[in-house]
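Colleague: Please find one structure pasted underneath; my questions will follow.
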Amino acid sequence: MSSGDLNPSNTATGTLPLYQIDTFSNQLYKGNPAAVVPLEQWLSDETMLAIAAENNLAETAFFVKQDDIYHIRWFTPTVEVDLCGHATLASAYVIHHYLNDKSDILKFTCMAGELQVSFRQDENADQRNEQWLELDFPARPPEAMNIDSDIEKALGVKALQMTVARDLIVEVASEDEVRDCTPDFQALKNNDHFAVVITAPANDPELDFVSRFFAPNQGVDEDPVTGSSFCSLAPFWQQKLGKNKLNAYQASQRGGHVRLELQEERVKIAGQAVPYLQGQIFL
């Protein structure tokens, strides 16, 4: 099947193009996989949710281009979400490499406002041409809250502090505690937060912090690499470390590297991507 067969939203013949991209990694089977479905016009919410459930990935992104702006929505297998980093990065990769929009900056709009994705070359690459995609997302600085002993018990950790924006952020003392954390996901469902993030300083001197992301209430027990979580993690660690540029690693089983930069009320979230799958959905 040639790429020319996969035109966006060929609903007249009952097919849609489907791409799966591994994001926040330059290796297959690492980082966070996202499904991407380009559209010419919106499907019903029920159909998009059914496609996302069938894909059974943390998120499936759908977008419609109007003028020079891509209107984007994201669905987990169970709900629509207001902001998703890795599926936006995956969408930008598809737009650039498969839909042949070679703009240096791609503009998106969504429930959370205006977003952008820029394409950068790795200045530190050793005779390689490694492309990084940089998300421009809104900063969501978390606010301090009282330590919730039920959350500590569900995570099996001792919290140094807890803060909250969209996600509840739990700081612990060491990277080992982050990596060894074995949550009780049923217990985590008893909290009202979108997701629970556990984080600590990194052992690797080239990194600033590590994290993991749990969202059982959204149908995702653990997300491999969560771009939107860094909207809060970046300002959290910037305040602690006094640095506007940060390097992070999400220490899930697949794992993923993220470069961050705080610019006033925005967070630049950079990662790499590799294609895994290209196909068709039959409606």
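The values are calculated or read from the model by the stated rules, or taken from the named source; none is laboratory data. Quick caveat, the model's predicted, so the values are computed rather than measured. No Cβ is skipped: glycine too gets one built from the backbone with ideal geometry, and neighbour counts run over all protein chains shown.
Colleague: How many residues does the range 68-106 contain that are surrounded by fewer than 19 Cβ atoms within 10 Å (Cβ to Cβ) and either on the phi > 0 side of the Ramachandran plot or touching an Asp or Glu at 6+ places or on another chain (Cβ under 8 Å) (or both)?
Modeller: Final tally of qualifying residues: 3.
Colleague: Would you mind telling me which numbered condition in (1) modelled with pLDDT of 95 or more; (2) part of a strand (DSSP E or B); (3) in contact with a helix residue (DSSP H, G or I) (Cβ under 8 Å, 6 or more places away or on another chain); (4) closer than 16 Å to VAL197 by Cβ PHE108 fails?
Modeller: Single failed check for PHE108: (4).
Colleague: For the range 180-204, name all the residues that are surrounded by 15 or more Cβ atoms within 10 Å (Cβ to Cβ) and either farther than 16 Å from ALA215 by Cβ or of a type in the set (Val, Ile, Thr) (or both).
Modeller: If the condition is that a residue be surrounded by 15 or more Cβ atoms within 10 Å (Cβ to Cβ) and either farther than 16 Å from ALA215 by Cβ or of a type in the set (Val, Ile, Thr) (or both), then VAL196, VAL197, ILE198, THR199, ALA200, PRO201, ALA202 are the ones that fit.
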